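Accompanying notes for the structure given below.
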Amino acid sequence: MNLTEQILGPLPGDVLGGLRKADQLWQALRQGTVPIPDVIKKNSEPLTTAIDWDAVICGGTLGILLGVALAQRGWRVALIERGQLRGRDQEWNISRQELAELVELGLLSAAELEQAIATEYNPARISFGGGEDLWVKDVLNVGVDPVYLLETLKQKFLASGGHLLEHTAFEGAVIHANGVKVLAHGTDGEGLTTRLLIDAMGHFSPIARQARNGQQPDAVCLVVGTCATGYPSNETGDLIASFTPIQDQRQYFWEAFPARDGRTTYLFTYLDAHPERPSLETLFEDYLTLLPQYQSVELEALTVKRALFGFFPCYRDSPLRYPWARSLAVGDSSGNQSPLSFGGFGAMIRHLTRLTDGINDALRNDCLDAQSLGWLQPYQPNLSITWLFQKSMSVDLGQNLPPDRINQTLAAIFQDMASLGEATLKPFLQDVVQFPALAKTLLKTSVAHPALVAKIIPQVGPAELLRWMGHYGNLAGSSALYPLVCRAKPLAESLPVAWQYRYRRWCDALQYGTGQDYSR
């Protein structure tokens with residue numbers, strides 16, 4: 001019996017079985033045998049029945065955030081969730097600055113927001129392989145209670161006229177000229193008719209898989225971890241830490257956060273979806289083997305409360321635009337996060353105001369064709385530019401790198417960012433890349449560590465570097481263009497309705513695509 005079986009076997013709910021089930025999906029993805037769904041169909045004939053809803057949202061865990069926001073604006077919203085709409089026991093980590101979005105949108109009161117916060121700590125550490133530790137405050141230092149948050153949002157959704165269907169699995173949809181018929185288990189074959197179908201079903205959404213048509217992910221982040229008691233210290237956290245060299249063609253990174261019932265620790269690594277990549281169970285075995293060294297504690301001293309595991313595919317052609325009218329991917333379904341982050345709650349919160357305003361605008365002006373909805377998921381150069389960073393933190397199979405290359409590179413770059421101040425470092429830690437901060441970091445690193453920069457180029461490869469240069473140029477150009485475009489607002493108000501809609505989406509794309517939403 002290995003360590004994983006010893007630790008996970010006794011946990012309630014067949015956690016070990018769940019890990020192995022996730023591994024089966026991960027293996028199928030590596031082997032290219034994941035079936036391509038056929039859940040979206042088109043019918044040129046209009047719907048002859050009444051259209052009951054303005055929006056049907058599939059996927060309630062994060063879809064409820066958008067559901068409440070739209071229902072409070074007066075739209076008829078139905079939300080379907082394949083299970084019970086209930087948050088998990090493990091907190092969602094985020095910052096107070098980001099959480100303020102929920103109050104600004106009117107989804108929570110200030111008092112409700114405080115009650116939703118289960119844990120809060122400072123500071124958090126950044127550490128790489130023997131380099132100098134960096135400490136930052138107010139980044140991913142707040143743990144939100146998903147159970148309380150989702151229950152509160154559920155009640156607000158219902159009070160605003162929203163219609164919630166729990167234990168109702170999405171089965172398919174037929175897109176007509178004037179609406180969409182959504183088919184779901186438990187609707188007695190009648191389905192739901194809506195003007196707009198919103199997909200919030202996550203990374204493995206059947207709609208997203210159909211739209212991607214079997215495309216292999218360009219990168220994957222594997223994550224395993226536990227929440228446990230028995231640690232000698234639990235006052236601070238780690239945003240990203242690495243203390244081991246490259247091994248078996250992968251670099252291991254760690255996170256750690258205080259939780260209300262213990263300490264959460266994660267091990268994660270960036271890699272591709274090659275068939276020879278390791279299983280989640282292999283990663284869990286390495287996690288348990290290295291955890292005592294990472295946290296200076298013996299495994300026997302820990303009481304594991306729950307285990308955490310998953311894998312997060314990333315695609316270069318993200319955010320994903322659906323080719324069908326009246327359908328929109330949001331959150332992880334759209335891949336609207338950088339390849340460095342896990343997406344989820346934080347990514348959804350960041351774009352919640354933009355999506356709410358944009359969908360409200362699309363519904364009000366009937367801009368529901370595929371092209372118009374595509375403007376809600378635009379190209380964002382500050383997300384695309386991070387592919388080079390992800391590449392520099394991973395190792396290709398067959399690539400021969402010095403064992404400490406990645407740790408040395410990251411230690412130098414993060415030290416350079418820290419020396420330039422919090423205005424440079426903190427946005428990057430929250431998945432926001434801004435051109436001035438990036439340009440200053442590149443200049444400083446090139447001057448201070450020219451040999452290091454020269455080593456990165458062959459590691460990432462010329463094709464990756466050329467792509468990055470294009471995104472870098474777009475980031476620079478978009479950053480300069482954004483204030484100029486905003487000044488055209490009075491002129492834009494005289495345009496036809498469809499062009500006004502496009503102008504507002506263009507402003508959003510420039511703002512979010514250059515990280516200028518961060519300082520709101």
Per DSSP, loop GluC sites (Glu not before Pro) in region 134-200 with at most 16 further Cβ within 10 Å: E166, E190
Diffusion coefficient, µm² s⁻¹, Stokes-Einstein with Kirkwood Rh over alpha-carbon pairs of the chain at 25 °C and 0.890 mPa s: 102
Cα-based helix-to-principal-axis angle, 60-71 vs the chain, degrees rounded to 10: 40
Region 217-321: trypsin sites (Lys or Arg not before Pro) in DSSP loop, at most 15 other beta carbons within 10 Å: R260, R316
Cα-based helix-to-principal-axis angle, 450-460 vs the chain, degrees rounded to 10: 60
Whole-Hz ³J(HN,Hα) from phi, Karplus 6.51 cos²θ - 1.76 cosθ + 1.60, for region 349-360, glycine and proline x: 4, 4, 9, 5, 5, 4, 5, 4, 5, x, 5, 4
Semi-axis lengths (Å, descending) of the ellipsoid that matches the C-alpha gyration tensor of region 340-383: 22, 13, 7
Centroid-to-centroid separation of region 91-157 and region 426-447 [C-alpha atoms, Å]: 24
Amide H contacts of K305 (H built 1.01 Å from N, under 5 Å, at least 5 apart or other chain): C227, A228, T229
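Could you give the size of the charge dipole of the chain about its Cα centre, using +1 on the Cβ of each K and R and -1 on the Cβ of each D and E, expressed in debye and rounded to the nearest 20?
Result for the chain is approximately 1420 debye, rounded to the nearest 20.
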Table column - 3J(HN,Hα) (Hz), region 399-414, Karplus curve with 6.51, -1.76, 1.60, x for Gly and Pro: 7, 10, 10, x, x, 9, 4, 5, 4, 5, 5, 5, 4, 5, 5, 5
The chain, relative contact order in percent, only Cα pairs under 8 angstrom and at least six apart counted: 16
D (Stokes-Einstein, µm²/s), Kirkwood Cα radius, region 419-466, 0.692 mPa s at 37 °C: 275
Radius 9 Å from Cβ of G87, net charge of other residues (Lys, Arg +1; Asp, Glu -1): -1
Span from the region 205-281 Cα centroid across to the region 378-394 one, whole angstrom: 18
Long-range tail of P(r) for region 87-151 (Cα pairs > 17 Å, %): 47
DSSP bridge orientation in the chain - percent antiparallel, rounded to nearest 5: 65
Entries in K137/K391; K305/K391; K21/K137; K154/K181; K391/K444 that, when Cα-Cα distance is taken, lie over 29 Å: K305/K391; K21/K137
Net charge, Y294 excluded, C-beta distance under 13 Å - Lys, Arg +1, Asp, Glu -1: -2
Using θ = phi - 60° and Karplus 6.51 cos²θ - 1.76 cosθ + 1.60, couplings along region 281-293 (whole Hz; Gly, Pro as x): 5, 4, 5, 5, 5, 5, 4, 5, 6, 8, 4, x, 6
Dipole magnitude of region 203-323, debye to nearest 20 (Cβ charges: Lys/Arg +1, Asp/Glu -1, about Cα centre): 580
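Helix-derived [θ] at 222 nm for the chain: sum -39500 (n - 2.57) over DSSP H runs of at least 4, divide by residue count, nearest 500?
Theoretical 222 nm ellipticity from helices: -12500 deg cm²/dmol.
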Relative packing of 109-115, 489-495, 6-12, which averages over residues the other C-beta atoms within 10 Å, highest first: 6-12, 109-115, 489-495
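Suppose the chain between C486 and H185 were pulled fully straight at 0.36 nm per residue; how much longer would it get relative to their current alpha carbon spacing?
Length difference between fully extended and current span is 103.8 nm.
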Largest-first ordering by accessible area, 1.4 Å probe, given options C314, C486: C486, C314
Over 14 Å [Cα-Cα, region 28-92], rounded percent: 73
At most 15 other Cβ within 10 Å, DSSP loop - GluC sites (Glu not before Pro), region 272-356: E276, E298
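The values are calculated or read from the model by the stated rules, or taken from the named source; none is laboratory data. Computed from a prediction, not measured in an experiment: that's the story for all the values here. Neighbour counts are summed over all protein chains in view; Cβ atoms, including those assigned to glycine, are modelled from backbone coordinates with ideal geometry. To get the accessible areas, we keep the full protein, side chains included, count just its heavy atoms, and leave off ligands, DNA and RNA. Shrake-Rupley method; radii C 1.70, N 1.55, O 1.52, S 1.80 Å.
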